[in-house]
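The structure under discussion appears below in the form of structure tokens.
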Amino acid sequence: MKYLPLFLLFSAVSCVQPTANQKVRYTVVVPKSMHVSQMAVRGSNQPLSWEQDTAMKRLNDSTFYVDVVHKTGYTFTEYKFVANGQFERQNQDNRKLTFEADLTTTVTHQFNSK
């Protein structure tokens with residue numbers, strides 16, 4: 001019983017980071033000479049996954065995009081684009097995205113480039 005106030009104090013203080021809905025528009029531009037039938041993105045924070053594609057929509061012949069909402073306490077995420085089932089930047093680091101403070105981030109990349 002003498003530990004009850006201490007227990008209540010520690011229960012009230014949480015070490016868990018608050019989560020936020022981080023809205024991200026991922027856009028990728030492919031070379032016009034590259035035939036792409038399917039474009040996707042994979043990544044480290046839900047709803048993205050390294051095991052499953054998140055399909056992207058075709059904006060025009062060479063540009064694809066997808067809007068994603070990450071519910072996360074992290075300030076960044078990692079990802080890669082996948083064209084026709086093949087990861088870009090093989091044997092290179094993942095792309096890293098730092099979320100904007102206003103909870104809306106837009107990124108645009110050339111496929112398979114830095």
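The values are calculated or read from the model by the stated rules, or taken from the named source; none is laboratory data. None of the values given here were measured: they were computed from a predicted structure. Every residue, glycine among them, receives a Cβ derived from its backbone with ideal geometry; neighbour counts consider all protein chains shown. Remember, those area values only see protein heavy atoms, side chains included, never the ligands or the DNA or RNA. Shrake-Rupley method; radii C 1.70, N 1.55, O 1.52, S 1.80 Å.
A few remarks follow.
- Net charge contributed by nearby residues that have their C-beta within less than 13 Å of Tyr79 (K/R +1, D/E -1): +2
- Divided by 2.2 N^0.38 Å, where N counts the residues, the Cα radius of gyration of the chain comes to 1.43.
- Potential lengthening of the chain between Ser62 and Gln38 amounts to 7.5 nm, from the contour at 0.36 nm per residue minus the alpha-carbon distance.
- 5 angstrom amide H check on Gln38, placed H, neighbours 5+ away: Asn84
- Accessible area per residue for the range 28-99 is 59 Å², calculated with a 1.4 Å probe on protein heavy atoms, without ligands, DNA or RNA.
- For the chain, the relative contact order comes to 34 percent (Cα pairs under 8 Å, sequence separation of at least 6).
- Taking all protein chains together and rolling a 1.4 Å probe, His109 ends up with roughly 40 Å² accessible.
- Ranking Arg42, Arg58, Arg25 by solvent-accessible area of protein heavy atoms (1.4 Å probe, all protein chains present), from largest to smallest, gives Arg58, Arg25, Arg42.
- Simple spin-label estimate for Tyr74 and Leu103 in nanometres, 7 Å along Cα-Cβ: 2.0 nm
- Solvent-accessible surface ranking, highest first, for Asp61, Asp53 at 1.4 angstrom: Asp61, Asp53
- Pairs of lysines in the chain whose Cα atoms sit within less than 26 Å of one another amount to 18, provided the residues are eight or more positions apart or on different chains.
- Carbon plus sulfur fraction of accessible area for the chain, probe 1.4 Å, in percent: 53 percent
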